[in-house]
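Peer 1: Starting off with a structure, shown below.
The values are calculated or read from the model by the stated rules, or taken from the named source; none is laboratory data. If you're wondering where the values come from, they're calculated on a predicted model, not measured in any experiment. Neighbour counts are summed over all protein chains in view; Cβ atoms, including those assigned to glycine, are modelled from backbone coordinates with ideal geometry.
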Ligand SMILES: *Cc1c(COP(=O)(O)O)cnc(C)c1O
């Protein structure tokens, strides 16, 4: 959790996946979100935290959410449900993981008075979620790189308006893939990495994936699991959220289908359709948090699909640097048995926002609309489909208003966001300039 990326450039994965029995899953029914979180995550934590410490961490992580259920389900249609994951402080699902990680860092670092420097790259929502989780914490500086001019105004303001001196927003020239690449470079610059005690909280951080496993259990159990299976559709970019669903399944939750929903930046949909994993050009969309070409957690899915052969994955990742690779037939079979996929164009996304408002009264953000559109194509009678609503519509007011004619208001606790002052540094797409900037701006 504290290091993020492994030193050989690979991603951490658990050696084994703990199992919950059907009786243990059934016993989750009716428990609070926090109680379910404790039971689902406890087996992964070992003796790093005591039972009491871990319980307190979970309580503090979700106390600031604006909904008592934390992750409420609403019904869209017969057999189709929306899992609202946008009631946290930054109005997107990333708060579930980031708030938990913030509390875990504080507890772990506070014991010895250690400090770390957190650097993250964001296509919009990770950054603000990280800043909300770490702002004002004594043992941490947090630097967030985002692609200049390519995120929404709400996303930007959430990162640039916190006044705490340990928060540093960096607007980088380039796109999100450039930001991710420079972040990876910083982790591979060991002198810098060790000098500032670099820690990562990007979606490749295993602690984040783990936190996201919880709401697959809470929502499935609310709809009758484990006595009947459910399916999930997940608006996908870096594959962290859907991979958490796969982990839930591996832990024993009866999930029928895991559906990957992409926007026009559809490398994952093309790959799962058998066309190989080849980078294209990122085309900016109205769902910017899914505008990726390289999907960082997909490496974890490939690792399992290639029978946990680290050398094979290292070779694929080297080929990816040069543009892409084809997936072996055996690995493709494994991937297709775990995931199916669909894509939504910009027009389909807009039309789904319009149609869903009309049919159910729900105002969707563009990311969630992609999920609803693809879920509608994939769902079958008899198995409930749960679509993950990954952000609040007010985070993307322009697209939502264009599609629906309604201006989505921010929740009252955030409604002065547009009046607060902004603080941000413009930085070039250059490793040496970035590391120098970070060293100069550390608070201790
Ligand atoms: C991050 C994000 C996604 C994509 O999630 P991944 O875990 O990267 O696949 C989708 N929607 C929203 C609103 C997001 O912030």
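Let's see how each residue does on (1) surrounded by fewer than 13 Cβ atoms within 10 Å (Cβ to Cβ); (2) touching a residue at least 60 places away in the same chain (Cβ under 8 Å):
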| position | (1), (2) |
| --- | --- |
| 315 | no, no |
| 341 | no, yes |
| 345 | no, yes |
| 355 | no, no |
| 361 | yes, no |
| 368 | no, yes |
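Peer 1: What residue, of 327, 294, is over 19 Å from residue 16 (Cβ atoms) and either more than 16 Å from the ligand (Cβ to nearest atom) or assigned to a helix (DSSP H, G or I) (or both)?
Peer 2: 327
Peer 1: Follow-up question, since we're still on this one. Would you mind finding the one in 319, 299, 362 that is in contact with a strand residue (DSSP E or B) (Cβ under 7 Å, 6 or more places away or on another chain) and part of a loop (DSSP other than H, G, I, E, B)? Outline the logic, then answer.
Peer 2: Numbers: 319 fails: part of a loop (DSSP other than H, G, I, E, B); 299 fails: part of a loop (DSSP other than H, G, I, E, B).
Result: 362 is the single residue among 319, 299, 362 that is in contact with a strand residue (DSSP E or B) (Cβ under 7 Å, 6 or more places away or on another chain) and part of a loop (DSSP other than H, G, I, E, B).
Peer 1: Here's a follow-up. Can you find even one residue in segment 241-249 that is modelled with pLDDT of 95 or more and either over 20 Å from the mean Cα position of the chain (by Cα) or under 18 Å from residue 181 (Cα atoms) (or both)?
Peer 2: Step one: list which residues in segment 241-249 are modelled with pLDDT of 95 or more, which gives 241-249.
Still in the list and also either over 20 Å from the mean Cα position of the chain (by Cα) or under 18 Å from residue 181 (Cα atoms) (or both): none.
No: segment 241-249 contains no residue that is modelled with pLDDT of 95 or more and either over 20 Å from the mean Cα position of the chain (by Cα) or under 18 Å from residue 181 (Cα atoms) (or both).
Peer 1: Same structure again: So, in segment 142-162, how many residues would count as being away from the ligand (no atom under 16 Å from the Cβ) and modelled with pLDDT under 95?
Peer 2: Initial filter on segment 142-162 (away from the ligand (no atom under 16 Å from the Cβ)): 142-143, 148-149, 160-162.
In the following step, the residues that additionally are modelled with pLDDT under 95 were identified as 149.
Counting residues in segment 142-162 that are away from the ligand (no atom under 16 Å from the Cβ) and modelled with pLDDT under 95 gives 1.
Peer 1: Then there's this: Enumerate the pairs (first residue in segment 211-239 and under 21 Å from residue 59 (Cα atoms) and in the same structural domain as residue 387 (by TED's automatic domain parsing); second residue anywhere and assigned to a loop (DSSP other than H, G, I, E, B) and within 16 Å of the ligand (Cβ to nearest atom)) with beta-carbon separation below 7 Å, excluding pairs fewer than 6 apart on the same chain, so at least 6 apart or on different chains.
Peer 2: Once the first residue is under 21 Å from residue 59 (Cα atoms) and in the same structural domain as residue 387 (by TED's automatic domain parsing) and sits in segment 211-239, its partners that are assigned to a loop (DSSP other than H, G, I, E, B) and within 16 Å of the ligand (Cβ to nearest atom) give 215/71; 215/85; 218/71; 219/71.
Peer 1: Out of curiosity, is residue 390 within 16 Å of the ligand (Cβ to nearest atom), more than 15 Å from residue 86 (Cβ to Cβ) and assigned by TED's automatic domain parsing to the domain that holds residue 222? Break it down into steps so the answer makes sense when it comes.
Peer 2: Details: within 16 Å of the ligand (Cβ to nearest atom): yes; more than 15 Å from residue 86 (Cβ to Cβ): no; assigned by TED's automatic domain parsing to the domain that holds residue 222: yes.
So residue 390 fails the test.
Peer 1: Going by the structure shown, is residue 4 in contact with a strand residue (DSSP E or B) (Cβ under 7 Å, 6 or more places away or on another chain), surrounded by 22 or more Cβ atoms within 10 Å (Cβ to Cβ) and not assigned by TED's automatic domain parsing to the domain that holds residue 201? Write out each step before concluding.
Peer 2: Numbers: in contact with a strand residue (DSSP E or B) (Cβ under 7 Å, 6 or more places away or on another chain): yes; surrounded by 22 or more Cβ atoms within 10 Å (Cβ to Cβ): yes; not assigned by TED's automatic domain parsing to the domain that holds residue 201: yes.
Considered against the rule, which asks whether it is in contact with a strand residue (DSSP E or B) (Cβ under 7 Å, 6 or more places away or on another chain), surrounded by 22 or more Cβ atoms within 10 Å (Cβ to Cβ) and not assigned by TED's automatic domain parsing to the domain that holds residue 201, residue 4 comes out as yes.
Peer 1: OK, next. So which of 336, 329 ends up being loosely packed, with under 15 Cβ neighbours inside 10 Å, at pLDDT 95 or above and within 27 Å of residue 302 (Cβ to Cβ)? Please lay out each step first, then the result.
Peer 2: Details: 336 fails: loosely packed, with under 15 Cβ neighbours inside 10 Å.
The conditions single out 329.
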